[in-house]
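The values are calculated or read from the model by the stated rules, or taken from the named source; none is laboratory data. On a predicted model such as this, the values are computed, not experimentally measured, just so you know. As a convention, Cβ positions derive from the backbone with ideal geometry for all residues, glycine included, and neighbour counts pool all protein chains shown. Areas reflect the complete protein model, heavy atoms only, side chains present, ligands, DNA and RNA absent. Shrake-Rupley method; radii C 1.70, N 1.55, O 1.52, S 1.80 Å.
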Amino acid sequence: VQVPATTANLGPGYDCLGLALGLHNEVTLTQADALSVQIEGEGADTLARDGSHLVLVAAAAACAAAGREPPPLALRQVNRIPLARGLGSSSAAIVGGIVGANELLGLGLSARQMLEVAAAVEGHPDNVAPALLGGLTVCCATEGGVLVERLEVAPGLSCVVAVPDFEVATHQARGALPDIVPHADAVFNLCRSGLVVAALVSGDFALLGEAMRDRLHQPYRARLVPGMDETIAAALGAGAHGAALSGSGSTVAAFVTGGGEEVGAAMVKAFAQAGTTAVARALPLSAEGARVVG
């Protein structure tokens, strides 16, 4: 199973907006006599080699949703998505495990059922939805389950990510947020969340500079990502249409039309001035979510 990286929130769309990117992890599951785990690439020296590995946890959750006992599985994982950088590495593992188990074991889960399982394992749907479905997704967690709408982004847009050399754990980033926010800040984000979606779907990308501004999470997470504000400003100054913290960080994602080399260089320089080494990568958007290959 190939699963794309994702960038969530897109500035103001906290926990509801997500977008699939053209960087993929590969998850291979086979039935075996005993559990085994092989990992190449990102996390090869740190990720679990037992049943606590997130791919296997997700595969077991998929089996439980189908009323089946999971058999012993052999996992081979090729990871290209950086870990704990706000690019959906955990969602890619979860979706890969669920889609892989569903295909391998003939569980018969629908896309909606797989999304429900993935959101339950992850704890929120904004990354798992684009990882599973591709494109731009708008999610809402309800008492009856996850509501999701998948949308096509207008052509011509790509993403430049500046990936710092430090991690930000999701629980740490969520812990930085206040329990109560001012009414004015909530309204500020509501207006811009709709504008982000409108800009991406219509192709009026010039709107993104204003639309991707945020007051609900980035100001509180700035202390966890030294240079974040300066890097966002540098991206906009270098010609990006919009820029924001990717997910809970530490990556900053900027949206461009064209190659984006100047934007990437400006973001790397801004991080460096804050004392942080970062690497820039230009990534296409991915209209395709997780897919079974071979």
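Highest GNM mean-square fluctuation among Leu29, Leu104, Leu136, for the chain modelled with Cα contacts below 10 Å: Leu104. Taken along the Cα-to-beta-carbon direction at a fixed 7 Å, the label points for Thr142 and Ser52 span 3.7 nm. Taking 0.36 nm per residue of separation and subtracting the current Cα-Cα distance, fully stretching the chain between Arg291 and Leu190 would add 33.1 nm.
Counting only alpha carbon atoms, the long axis of helix 183-202 and the longest principal axis of the chain meet at about 80°. For Ala272, project a label point 7 Å along Cα to C-beta. Then give me every residue of the range 236-264 with its amide nitrogen under 20 Å of that point. Residues 236-240, 251-254, 260-264 fall inside that zone. Distances between placed amide hydrogens fall under 5 Å for Ile39 paired with Gln77, all partners being 5 or more residues away or on another chain.
Of all the accessible heavy-atom surface of the range 177-271, with the other protein chains kept in place and a 1.4 Å probe, what percent is carbon and sulfur?
Accessible surface attributable to carbon and sulfur in the range 177-271 totals 60 percent.
Its relative contact order, with pairs defined as Cα atoms under 8 Å and 6+ residues apart, puts the chain at 25 percent.
Remark: the chain carries 41 Å² of accessible area per residue (probe radius 1.4 Å; ligands, DNA and RNA excluded).
Would you please give the FRET efficiency between Thr257 and His183, computed as 1/(1 + (r/R0)^6) with r the Cβ-Cβ distance and R0 = 45 Å, to the nearest 0.05?
0.80
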